[in-house]
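First up is the structure itself, then whatever we jot down about it.
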Amino acid sequence: MSAIGIHDLAVATGHHVLELDDLAERLGVDPAKYHVGIGQDAFSVPAPDEDIVTMGAAAAKQVIDRHGSDGIRTVLFATESGIDQSKAAGVFVHGLLGLPQAVRVVELKQACYGGAAALQLALGIVARNPDERVLVIAADVARYDVDTAAEPTQGAGAVAVLVSADPDLIEIEPLSGLFTADVDDFWRPNDRSTALVDGRLSVSAYVDAFIGAWDDLASRGGPAYDTIDRFVHHQPFTKMALKAHRKLTQHVGVPFDETELQTGFTYNRQVGNTYTASLWIALAAVLDLDDDLDGTRVGMFSYGSGSVGELITGIVRPGYREYRRQGAVRADLEARVPLTVDAYRALHADGAATSQDVDRPRVTAAPFRFAGVLGGARHYEATTPAA
Ligand code: CAA
């Protein structure tokens, strides 16, 4: 069988940014707690006319603009922050992008893990029919209550991944390591728009899942630690990945060098937690910023609270440099419009999904916007009319 894996990967984020220095000043916290203690510098905040659909569509548009939609018969949308209890967010994206009708669309949920599950399903579909390509979208708005310890670990963003045979970027290897345990470290009951989290428990549950997934991969004949050249992680905050990786090296009995993880932290430090998209934004950073990946093996650890973990490995395709989207994420980050703490908190208060009819102000500069709710249904539109 020919290689199957990630053919393209694109990122989108929210219109606004909140600098954690500003939040620290408001809360009377030493900014070093955020920059060093949790390893975050800022987080993206969606405009009032943005959500997981608009960010997911913005990421997916980049992929469709480059590759077209031929062969795409499946769209998988992974999210924790779904905007409807029934309709899949991916159906809105399908409409906005004008994808063919002969497509199946479905939404996946397991906290931050859904993106990795979607990738595995996509690989299986392509393995059955190598002429097909699968569009995987992972998008989230991470929302906690204000004035809680978790407030600085919010964020917003999306990735779109095109899974195909003979991929340009990364061949995903068949073995992976799995771990599931029923833990109440983070959850969001149906009547809440903000998550409930036990931060300390989430760190230990993440570590348990990482080590458990490693042991499962090893028991199935997975690669030795020293044959994995780079690691990227799900990063609710980058310090969490760092702590967990240190524990893994102790478990395996190898030295820990935290400098090796820093490239994968670059974008996440600025975007904040993006739940299902977080791991893949870390992967985008490594692909963009590391010029020496030809033929190297990358370990990718996905974690979704509750909890499910999976450790996936892939081999970077020689020539990936020609196909990566170098500079695109940096440009997106730099284009964000800064918010004051008061302005961010006003948006936060208005951020819960609603079924009440409402018009949304035109703010976003992204290609698609959430126009509002009419007759209880959400409506989306392109920000620039089609030519
Ligand atoms: N300078 C440097 N470091 C400082 C400092 C200073 N002035 N002040 C404090 N620190 C350090 C502390 O020593 C601590 O470091 P260690 O953890 O290494 O000891 C760190 O900063 C944090 O300090 P606290 O423990 O006091 O922080 P806190 O009580 O305010 O909470 C947090 C921090 C636990 C990360 C909190 O922000 C939180 O709960 N965030 C949410 C956690 C989370 O995202 N969990 C979900 C995991 S998975 C996920 O993404 C969800 C999903 O599946 C959808």
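The values are calculated or read from the model by the stated rules, or taken from the named source; none is laboratory data. Computed from a predicted model, the values in this text were never measured in an experiment. No Cβ is skipped: glycine too gets one built from the backbone with ideal geometry, and neighbour counts run over all protein chains shown. Quick note on the areas: whole protein, heavy atoms, side chains included, nothing else; ligands and nucleic acids left out. Shrake-Rupley method; radii C 1.70, N 1.55, O 1.52, S 1.80 Å.
From largest to smallest, what semi-axes in whole angstrom does the range 174-318 give when each is the square root of 5 times an eigenvalue of its alpha carbon gyration tensor?
Details: eigenvalues 120, 67, 36 Å².
The three semi-axes for the range 174-318 are 24, 18, 13 Å.
With a 1.4 Å probe and every protein chain kept in, tell me what percent of the accessible surface of the range 174-318 is carbon plus sulfur. Intermediate results must be reported in sequence, preceding the final value.
On the way: 2690 of 5550 Å².
For the range 174-318, the apolar C and S fraction of the accessible surface comes to 48 percent.
Between the range 220-275 and the range 1-50, how many Å separate their Cα centres?
That distance is 18 Å.
Show me, bin by bin at 10 Å from 0, the whole-percent P(r) of the chain based on Cα pairs.
Per 10 Å bin, starting at 0, the Cα pair percentages come out as 5, 26, 36, 25, 8, 1.
Put a dot 7 Å past each Cα toward the Cβ at residue 291 and residue 381; how far apart are the dots in nm?
Between residue 381 and residue 291, the label points sit 4.6 nm apart.
Going 7 Å from the Cα of residue 254 in the Cα-to-Cβ direction, what parts of the range 292-314 have a backbone nitrogen less than 13 Å from that spot?
Taking a point 7 Å out along Cα→Cβ of residue 254, the residues of the range 292-314 whose backbone N falls under 13 Å are 297-300.
Taking the C-alpha atoms of the range 274-387, how large are the radius of gyration and the largest Cα-Cα span, Dmax, in Å?
Taking only Cα atoms of the range 274-387, I get Rg and Dmax of 19.3, 53 Å.
Using Cα positions and a limit of under 20 Å, work out the lysines in reach of residue 243, with same-chain residues fewer than 8 apart set aside.
Straight-distance partners of residue 243: 33.
Output the peptides 249-259, 105-115 sorted from most to least packed, where packing is the average of other Cβ atoms within 10 Å over each peptide's residues.
On the way: 249-259: 11.2, 105-115: 22.7.
Ranking, from highest mean packing down: 105-115, 249-259.
Using DSSP, restrict attention to beta bridges with both residues in the chain and report what percent are antiparallel, rounded to the nearest 5. If you can, show how the numbers build up before the last one.
Values: 51 of 69 bridges.
Around 75 percent antiparallel, to the nearest 5.
Quick one: what are the phi-derived ³J(HN,Hα) couplings along the range 323-335, Karplus 6.51/-1.76/1.60 with θ = phi - 60°, whole Hz, x for glycine and proline?
The phi angles translate into 10, 5, 10, 4, x, 5, 5, 4, 4, 4, 5, 6, 7 Hz.
Within a Cβ distance under 15 Å of residue 269, other residues only, what is the Lys/Arg minus Asp/Glu net charge?
Numbers: positive: 33, 239, 330, 336; negative: 19, 21, 41, 258, 288, 332, 334.
Charge balance in the 15 Å sphere: -3.
Straight-line reach from residue 61: which lysines have a Cα under 26 Å away, not including same-chain ones fewer than 8 places off?
87, 109
With the other protein chains left in place, how much accessible area per residue, in square angstrom, belongs to the chain at a 1.4 angstrom probe? Mind showing how you got there, number by number?
Values: 15640 Å² over 387 residues.
Heavy-atom SASA per residue in the chain reads 40 Å².
List every residue whose amide H lies under 5 Å from the amide H of residue 363, counting only residues 5 or more places away in sequence or on a different chain, with H placed 1.01 Å from N in the peptide plane.
For residue 363, whose amide H was placed from the backbone, the distant partners under 5 Å are 49.
Note down the nm distance, to one decimal, between modelled labels 7 Å out along Cα→Cβ at residue 30 and at residue 262.
The two pseudo-label positions are separated by 2.1 nm.
Helix by helix through the chain, keep the DSSP H runs that span 18 Å or more along the axis on Cα and average at least 1.0 on Kyte-Doolittle, and give those back in order.
Values: long enough: 52-67 (22 Å, 0.42); 114-128 (21 Å, 1.33); 199-219 (30 Å, 0.48); 238-252 (21 Å, -0.68).
What comes out of the filter, once short or polar helices are dropped, is 114-128.
Using a 7 Å offset from the Cα along the Cα-to-Cβ direction at both residue 200 and residue 149, what is the distance between the two label points in nm, to one decimal?
Modelled inter-label distance: 0.6 nm.
Among 53-59, 181-187, how do they line up from the highest to the lowest mean number of other beta-carbon atoms within 10 Å? If you can, show how the numbers build up before the last one.
Values: 53-59: 28.9, 181-187: 16.3.
So the peptides 53-59, 181-187, ranked by packing, come out 53-59, 181-187.
Whole angstrom only: what separates the Cα centroid of the range 105-127 from the Cα centroid of the range 311-352?
Answer, in whole Å: 21.
Taking R0 as 22 Å, what's the FRET efficiency between residue 178 and residue 226 from their Cβ-Cβ distance, rounded to 0.05? Write down the numbers at each step before the final one.
Numbers: r = 22 Å, r/R0 = 1.02.
Efficiency, from the Cβ-Cβ distance: 0.45.
Spelling out what I want: for every residue of the range 98-110, take phi, set θ = phi - 60°, compute 6.51 cos²θ - 1.76 cosθ + 1.60 (Karplus), and round to whole Hz; glycine and proline get x.
These are the phi-based 3J(HN,Hα) values: x, 6, x, 6, 7, 9, 9, 10, 8, 10, 10, 9, 6 Hz.
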